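The values are calculated or read from the model by the stated rules, or taken from the named source; none is laboratory data. On a predicted model such as this, the values are computed, not experimentally measured, just so you know. For neighbour counting, all protein chains shown are included, and Cβ atoms are generated from backbone atoms with ideal geometry for every residue, glycine included.
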Amino acid sequence: MAQPLMPHATASWLVDNTSLSFQQIAEFCGLHILEVQAIADDMAATKLTGRDPLRAHELTQDEIDKGQADPNYRLQILKGPEQQRRTKGPRYTPVSKRQDKPDGIAWIIRNHPEVSDGQISLLIGTTRTTIAAIRDRSHWNIANITPKDPVTLGLTSQRELDATIAKAAKAAGMEAPVDTRLEGDREALLEQLRNERDNVQTGAPETVLSDVDALFGKRS
């Protein structure tokens, strides 16, 4: 089954914005249910920024509603619309949005330096000269350029941006841009949660007796 591009960030969004069960979220995102529990309890080492699967065209609101109505329902990820074939050359951008291009370019350069000038040119619809000027900070208006998400600015779609980043990462020999912020402590976290669960299930009586002995003295 296909999974979201950034499963941990998507799980964080679903926990915060829906009433789906941890099991449903875990199955949709391809995670262990204890990982979802850790995200919900803010036990992750790094606070995750949620990624909206609706905006990323990975889920529909109808699909979320079905899952919220039936806890046994398995969410189905969207395959996504067929990518439109584009002719060579820069993308056309409405006049009202052209002043936002430098901000969008700066955001990509700062957050995804592996994306080439040519890829940015096709994605945003600008010249390589402009991109190079922003990259080396020689642009005439560099003091007023503020990096902003090009999707938020309406310069491209989330799916196209994700696809460009993934392609650039692959070409650069990097791993696909998935959320790996929990990978380092994943096994330790799962083991800790398992131990806590086992203690609650099997060790609770002994724990209570130990607490009583500590307070009132060990019984003879």
Pair list, Cβ under 7 Å, 6 or more apart: the range 9-31 residue more than 13 Å from residue 59 (Cβ to Cβ) and β-branched (Val, Ile, Thr), other residue buried (at least 23 other Cβ atoms within 10 Å of the Cβ) and at pLDDT 90 or above: 15/25
Expected single match for at pLDDT below 85, surrounded by 10 or more Cβ atoms within 10 Å (Cβ to Cβ), in contact with a Leu (Cβ under 8 Å, 6 or more places away or on another chain) and outside the structural domain of residue 101 (by TED's automatic domain parsing) among 209, 182 is 182
On the basis of being among the polar types (S, T, N, Q) and at pLDDT 90 or above, does residue 164 make the cut? yes
Return only the number of the condition from (1) part of a helix (DSSP H, G or I); (2) at pLDDT 90 or above that residue 124 does not satisfy. (2)
Output the number of the condition that residue 132 fails; it satisfies all remaining conditions of (1) small (Gly, Ala, Ser); (2) out of contact with any Leu (no Cβ under 9 Å at 6 or more places or on another chain); (3) surrounded by 17 or more Cβ atoms within 10 Å (Cβ to Cβ). (3)
With respect to residue 35, determine if the residue is among the charged types (D, E, K, R), at pLDDT 90 or above and surrounded by 14 or more Cβ atoms within 10 Å (Cβ to Cβ). no
